[in-house]
Amino acid sequence: MKTSRNIVAVAFFGAAALTLSACSGSGSGGSSEPAGDPVSGGTLTYALAEWPKCVDPVLRARGLSAPEQFADRLTDQDRETGEVIPRLAESWKIAPDAKSFTLTLREGVTFSDGTPLTADLVKANLDNLKEITESGQSETQIVSALNTYVGTTVVDPRTVRVDFSEPELGFLRNLSDPYFSVYAPSTLEAPLEDRCAGKGLVGSGPYVISEVINQQRITLDKRDDYGWAPAGVTDHEGAAYLDQIVFEVVPESGVRVGGLSSGQFDVIDDVPVVDQDAVTAQGAEILTAVTPNLVPGLRQNPLSPLGADLVVRQAIQKSIDRTEIRDTLYSDKYNVPTSAIASNTPLWQDKSEYLQYRPDEAQALLADNGWVKGADGVWAKDGLRLAPKIMIITGSSQGATQQELELIQQQLNKVGIAAQILPVTQAEYSALMKNKADGGYDFLTGSGPAKDVDFLVGLFQNTNQALQGSNQVDLEEAAAVLNRAATDEDRAEAAGALQEKLLRDGYWIPVREQTKAVGVAANIHGVSIDPYGATVLYDTWRTDDGS
């Protein structure tokens, strides 16, 4: 076996690093500007844009930063290079065939109920995660990460060996994902409904949950005995500085921005582009970070006539002007997509040739394949109008936004594609997904945050709910080749081929790269954003004079 604290894909560290910047009235680097020596104490109020599907990241806490404060993972990522580095695991060995990983755990780690971190507990957590994936109550990313999981063997009290039936070159990076948060035994024994609601989540992070009021707020209190901050990604050791953190749900962006200006809130999520200059003009700071992920975009309904049509998908891909979307709705701080995944996702490859705005080519493609423009200027074929229904869940922050869809609708209309926007509730979405063959929608919006390209496997095989019932052999095989890759070289080649397949054939229609924009008050210091896009508050402290 070879010993390493670095994952196999060393050549791709640079691509994995989080793209992060900050702007303020005085300018700053990649985290909130320090102001003298840190001081302890105080409460920080953090305004969230929406309540998560679940508080537990193992289930569905996408977009929520609270778990970063109360739960730990076995590995982490260097903020500059993207290299996988130790967290709860202090070192590891990788078998030559990348089917086995032996991890040695840090000593002295305890959970907030006093339970020590042991090899038995790590095994119980991984086994529990696998059970959750089989219950259908976890996100696609963790299903992909554990789809060839065989089991975990306790070697000694501080050592585990994790075995897979196929090479899993992304496993160590996957372990740094919040989906792999490690919990005390009492949490593993709790009903999933309770965990989803934030009840009984006992982690080993610097904070502990003291209160959860559904749809309103999450309160965290500092752990005075915390002493195992991951080296290389934090600025101090020991307990966190803040005594308490309160996450409050404030759906209206104007209320969040106003609250930051008035001092009601200290940190706010999702600062709209139109408000960012005003926020910084008042002395606050905007942290922005590109999230490694399947970029926000459109996915086909494989069972609808329009969604299943290759030519239709390719025509739509060519008819979207992504630069216009960026320049109209955002600013030059935001990136135009260059692939199906964000440019800081490991194994990203530049496939922007398939994302060029070429409306004339789109129309020629349709005409060459039997589509004819009607008197209303809309293409039709065999009695079917080219009027795709694009489904969006009302109020969701995942995927393309309503504003983006409205601009895309205008762009598609110019080439004779009469796109229809279909806003639905979560319940309506679930019903339409179960009856895809009825043609209630043709495309849906979505995105898929993850730190490793492995997540594409689960997203584009027909085990995924969005593709169930389909028989797209070429797409299935492209995903399977990535899943089977046994060497770094094979994996990079397969990842590139899958990205190309997704874009060339319109299986994924990107809209933008996902950029997180966090507003930080002038008297709040040491805020940062991790490679998953979560706001990290361990090093955060406050001053009373607003400096």
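Kindly state, as a whole number, the per residue volume in cubic angstrom of the convex hull around the alpha carbon atoms of the range 238-291. If you can, show how the numbers build up before the last one.
On the way: hull volume 6.6 nm³, N = 54.
Per-residue hull volume (Cα only) is 123 Å³.
Test of the criteria: in the range 166-261, which GluC sites (Glu not before Pro) are in a DSSP loop and have at most 15 other Cβ atoms within 10 angstrom of their Cβ?
Values: sites: Glu168, Glu189, Glu193, Glu211, Glu237, Glu248, Glu252; in loops: Glu168, Glu189, Glu237, Glu252.
When the GluC sites (Glu not before Pro) of the range 166-261 are filtered for loop state and at most 15 Cβ neighbours within 10 Å, Glu189, Glu237, Glu252 remain.
Round to the nearest 10 and give me the degree value, 0 to 90, for the angle of helix 402-413's Cα axis relative to the longest principal axis of the chain.
Relative to the chain, helix 402-413 is tipped by roughly 20 degrees.
Beyond 15 Å, how much of the Cα-Cα pair distribution for the range 55-116 remains, as a whole percent?
65 percent
What relative contact order, as a whole-number percentage, does the chain give when Cα pairs under 8 Å and 6 or more residues apart are counted? Show your work: numbers first, answer last.
On the way: 1236 pairs, mean separation 122.4, N = 547.
In percent, rounded to a whole number, it is 22.
For a quick check of your reading of the filter: which trypsin sites (Lys or Arg not before Pro) in the range 269-352 sit in a DSSP loop and have no more than 15 other Cβ atoms within 10 Å? Please report the intermediate quantities before stating the final value.
Working: sites: Arg299, Arg313, Lys318, Arg322, Arg326, Lys333, Lys351; in loops: Lys333, Lys351.
For trypsin sites (Lys or Arg not before Pro) across the range 269-352 that sit outside H, G, I, E and B with at most 15 neighbouring Cβ atoms in 10 Å, the list reads Lys333.
Against the longest alpha carbon principal axis of the chain, how many degrees, from 0 to 90 and to the nearest 10, is the axis of helix 488-504 turned?
Once rounded, one gets 40 degrees.
Can you tell me the 0 to 90 degree angle between the C-alpha axis of helix 119-135 and the longest principal axis of the chain, rounded to 10?
So the inclination is approximately 20 degrees.
What value, in deg cm²/dmol to 500, does the helix sum -39500 (n - 2.57) over DSSP H runs of n ≥ 4 give at 222 nm once divided by the residues of the chain? Walk me through the intermediate numbers first.
Working: 17 runs with 147 residues, N = 547.
The helix-only estimate for the chain comes to -7500 deg cm²/dmol at 222 nm.
About its Cα centre, what dipole magnitude does the chain give when the only charges are +1 on Lys and Arg Cβ and -1 on Asp and Glu Cβ, stated in debye to the nearest 20?
On the way: 45 positive and 75 negative charges, 231 e Å.
I would put it at about 1100 debye.
In the chain, what percentage of the DSSP-assigned beta bridges are antiparallel, given to the nearest 5? If you can, show how the numbers build up before the last one.
Numbers: 67 of 82 bridges.
Antiparallel: roughly 80 percent of the beta bridges in the chain.
Rounded, prolate or oblate: which fits the chain, taking a ≥ b ≥ c as square roots of the Cα gyration tensor eigenvalues, rounded meaning a/c under 1.5, else prolate when a/b beats b/c? Each step should come with its number before you reach the end.
Numbers: a/c = 1.86, a/b = 1.32, b/c = 1.41.
Judged from the Cα gyration tensor, the chain comes out oblate (a/c at least 1.5, b/c at or above a/b).
Taking R0 as 30 Å, what FRET efficiency do you get between Glu476 and Ser135 from their Cβ-Cβ distance, rounded to the nearest 0.05?
On the way: r = 24 Å, r/R0 = 0.79.
That pair, Glu476 with Ser135, gives E of 0.80.
Which of Glu493, Glu285 has the fewest other C-beta atoms within 10 Å, and how do the rest follow up to the most? Don't skip to the end; give the middle numbers.
Details: Glu493 16, Glu285 25.
Least crowded to most crowded, the residues run Glu493, Glu285.
Do any chymotrypsin sites (Phe, Trp or Tyr not before Pro) in the range 149-231 lie in a loop, going by DSSP, with at most 14 other beta-carbon atoms within 10 Å of their beta carbon, and if so which? Kindly include the intermediate steps, with their values, before the conclusion.
Values: sites: Tyr149, Phe164, Phe171, Tyr179, Phe180, Tyr183, Tyr207, Tyr226, Trp228; in loops: Tyr183, Tyr226, Trp228.
When the chymotrypsin sites (Phe, Trp or Tyr not before Pro) of the range 149-231 are filtered for loop state and at most 14 Cβ neighbours within 10 Å, nothing remains.
Would you work out the relative contact order for the range 147-240, in percent, from Cα pairs under 8 angstrom that are 6 or more residues apart?
Details: 97 pairs, mean separation 13.3, N = 94.
Normalised by residue count, the contact order of the range 147-240 is 14 percent.
Fully extended, how many nm does the chain gain between Gln409 and Asp376 (0.36 nm per residue separation, minus their Cα-Cα distance)? Mind showing how you got there, number by number?
Working: separation 33, 0.36 × 33 = 11.88 nm, distance 1.59 nm.
So the extension gain works out to 10.3 nm.
What ranking do Ser304, Ser339 get, fewest neighbouring Cβ atoms within 10 angstrom at the top?
Values: Ser304 20, Ser339 26.
Sorted ascending by nearby Cβ count, the order is Ser304, Ser339.
Hey, what's the Kirkwood Rh for the range 91-226 if you take every pair of different alpha carbons, in angstrom? The partial results should precede the final answer.
On the way: mean 1/r = 0.0626 Å⁻¹.
One over the average 1/r among Cα pairs gives 16.0 Å for the range 91-226.
DSSP beta bridges in the range 293-513, what fraction antiparallel, as a percent rounded to 5? Please list the in-between numbers first.
Values: 14 of 21 bridges.
In the range 293-513, approximately 65 percent of DSSP beta bridges are antiparallel ones.
Give the Debye-formula value of log10 I(q)/I(0) at each listed q (0.07, 0.08, 0.14 Å⁻¹), with one equal scatterer per alpha carbon of the range 293-513, two decimals each.
-0.20, -0.26, -0.84
Suppose the chain between Ala95 and Asp194 were pulled fully straight at 0.36 nm per residue; how much longer would it get relative to their current alpha carbon spacing? Each step should come with its number before you reach the end.
Details: separation 99, 0.36 × 99 = 35.64 nm, distance 3.76 nm.
Stretched fully, the Ala95-Asp194 segment lengthens by 31.9 nm.
FYI, it's all coordinate maths here, none of it is from the lab. Small disclaimer: the values here were computed from a predicted structure and weren't measured. Heads up, the Cβs are rebuilt from the backbone with ideal geometry, glycines too, and the neighbour counts pull from every protein chain shown.
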